[in-house]
C-alpha cells in the first residue's frame, strides 16, 4: 500500500507539445528517446524511477495536422534490466531479452510496419529485434479524421510493465473543419491522462511480484503475472491527485484512461455536467450531456466543462467506486478544480449542438458476421489465462477480413467481468448489446438471450476503437476494414490480460 499522501497539493502539469527535429516539404521528423529517469509524482514522495519517452512522464504531446505526415524514430535507450518484476514463464519470454520495446499509436490508421506489432520489438540501439521487426523509423500518414490518440509500448508479454513504468503519451490530430467550431481553444483546451499507480515509501513504483493464491494450488513462478492490477492512487498528467486553477468559463478536456486495468466512472461533486463532444474516433454527431462519464482502459472522451456559474468554488473530479467499495480506498478522488472569480478575457466559446457528420456503416453490405468468445482457462499453475475465441496468441490466424469489406464482430463475454476490446488499424461503430443467461451457458454451453438488443449509449454513437464488452452479453460492432492490408492485432486492453493471452493477430487481405 502506498504511503498516505495529501490530496490536491500539486498543480496539474500541462503537457508541452514536442517540436519536430526537422521539417521538409513532405513531412516532419521526430527523434524520441525512451530513457530511464527520476521524476517527482507528488510533493510528499521522493522522486520515482520511471521509463519515459524523451525522459518524461507522460511522454511529450504530439499536436499535428491532418494531411501532414510525420516520421518518428522511437529510440530505445533503456537499461538491460527492468525496474519491475518480469515473469518469463509464458510466451517463451525466457528466450527473449528482458527489456524490449515497440510503440503503438493507439487509434491510428497505420501501415503494418509502423503499427507496433508485439513481435516487432527491439532492444537498446536495435541490437536485438523481434521476428516481425521491419523498420527503425515509423511513418504516420495523419490522413484520417481528426481525433485524440495516444501512444504506448506494445512489446510482447511485457506491455503491462512497460506502460506501468511510464511509456505512454498523448497524440492530437487536428483538422480545419473542427478548428472552425466555436470550441474552447488554446490554454482552455487541456489533455488529461488518467491512470492509477501504487508506491513504496522510497517513492518507487509498487507492482506485485505474484498474485495472491490458494495455498493448495501449485507453486507459482517468481515473478508471476497478475490477472489484473489496481493501484491505490490516481494520477493525472503524471501527478497524484493534482489541482487545476480555472477561470469561470468553458474548458475543453481531452480525457484518456491510460490505466492498466481500472475503469473510471467520473462525475463532478457539485452535480455539474460533462458535455461530451468526442470519443475515441473524434467528434460525435451531436453533443451529449452527461452527469457520469464511464471510461474503460484505453477509451477517450472529449468533453467541455462549463465553470462559468461557479466563481470562487472548489469542484472535485470524482470516481464512483460503487456501494461495496472499501472505505480505505481513496481512488474515489481524481483531481480538483479551483475556480477563480474573474475572467482574463471574454469567453466566446460555445457548446454546439451539432458537431460532425458520421456516415452509418449499417448501410454497407455485410460480408461476414463473427461470434468471438471472450473466455478464460487455467494454466498449469491454476492462473487464469484469458482468451479470444478460445485461441492463444500462437494459434494460426482465424480472422482474415478483405480490404474494403464490412463485417460485424460480436464479442460474446462468458467471463464474469467486462473486457475493453481494441481493434488495431480501424475505427468501428457500436451496434448493440444483448444479454444472455451466463449460468445456463456455463451448464449447457447454450446461448439463451434474456432480453432484446439494447442500442449503444448516447456517447457511443460515433467512431470507436475500444469498446467495453460486459459479462453475459453480446457486444456487436460493425467494422469496415480499410485503408491498408497486412498483419494487425485485436485484444483486450486490460494490459495484464493482453500480455497473457487475450490478444490475437488478424490479417487484412486483398
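Just to be sure before I move on: is residue 183 assigned to a loop (DSSP other than H, G, I, E, B), over 19 Å from residue 27 (Cβ atoms) and either outside the structural domain of residue 281 (by TED's automatic domain parsing) or in contact (Cβ under 8 Å) with a residue 24 or more places away in the chain (or both) in the structure I sent? Yes, satisfied.
With respect to the conditions (1) surrounded by fewer than 23 Cβ atoms within 10 Å (Cβ to Cβ); (2) not assigned by TED's automatic domain parsing to the domain that holds residue 32, residue 119 falls short on a single one, namely (2).
For segment 1-33, the candidate set comprises residues that are under 30 Å from residue 318 (Cβ atoms) and surrounded by 16 or more Cβ atoms within 10 Å (Cβ to Cβ); within that set, the residue that is modelled with the lowest pLDDT is 2. When you check residue 275 against the structure, is it surrounded by fewer than 22 Cβ atoms within 10 Å (Cβ to Cβ), over 26 Å from residue 182 (Cβ atoms) and not assigned by TED's automatic domain parsing to the domain that holds residue 45, yes or no? No: the conditions fail for residue 275.
Of all residues assigned to segment 34-48, none qualifies as being under 30 Å from residue 174 (Cα atoms), in contact with a helix residue (DSSP H, G or I) (Cβ under 6 Å, 6 or more places away or on another chain) and either in a strand (DSSP E or B) or at pLDDT 95 or above (or both). If the condition is being surrounded by fewer than 18 Cβ atoms within 10 Å (Cβ to Cβ) and under 21 Å from residue 420 (Cβ atoms), then segment 199-231 contributes 211, 227, 228, 230.
So, residue 297, is that one surrounded by fewer than 18 Cβ atoms within 10 Å (Cβ to Cβ) and at pLDDT 95 or above or not?
No: the conditions fail for residue 297.
Only one of the listed residues (67, 55) is over 21 Å from the mean Cα position of the chain (by Cα), surrounded by fewer than 20 Cβ atoms within 10 Å (Cβ to Cβ) and part of a loop (DSSP other than H, G, I, E, B). That residue is 67. Within segment 99-123, the set of residues being under 23 Å from residue 279 (Cβ atoms) and either in a loop (DSSP other than H, G, I, E, B) or out of contact with any strand residue (DSSP E or B) (no Cβ under 9 Å at 6 or more places or on another chain) (or both) comprises 107, 108, 109, 110, 115, 116. Exactly one residue out of 190, 225 is farther than 21 Å from residue 43 by Cα, touching a helix residue (DSSP H, G or I) at 6+ places or on another chain (Cβ under 9 Å) and in the same structural domain as residue 305 (by TED's automatic domain parsing), and it is 225. Where strands (runs of 3 or more DSSP E) sit wholly within segment 245-305, those with at least 1 residues that are touching a helix residue (DSSP H, G or I) at 6+ places or on another chain (Cβ under 9 Å) and closer than 27 Å to residue 161 by Cα occupy 274-279, 293-295.
Filter segment 103-139 for residues that are closer than 22 Å to residue 35 by Cβ and touching a helix residue (DSSP H, G or I) at 6+ places or on another chain (Cβ under 7 Å) and give the result. 135, 136, 138 - these are the residues of segment 103-139 that are closer than 22 Å to residue 35 by Cβ and touching a helix residue (DSSP H, G or I) at 6+ places or on another chain (Cβ under 7 Å). The number of residues in segment 134-169 that are crowded, with 17+ Cβ neighbours inside 10 Å, at negative phi and assigned to a loop (DSSP other than H, G, I, E, B) comes to 9.
Consider residue 320 carefully, then state whether it is in contact with a strand residue (DSSP E or B) (Cβ under 7 Å, 6 or more places away or on another chain), touching a residue at least 12 places away in the same chain (Cβ under 8 Å), farther than 30 Å from residue 442 by Cα and surrounded by 15 or more Cβ atoms within 10 Å (Cβ to Cβ).
No.
The values are calculated or read from the model by the stated rules, or taken from the named source; none is laboratory data. The structure presented is a predicted model; accordingly, all values stated were derived computationally and were not measured. Using ideal geometry, Cβ is built from the backbone for each residue, glycine included, and neighbour counts are taken over all protein chains shown.
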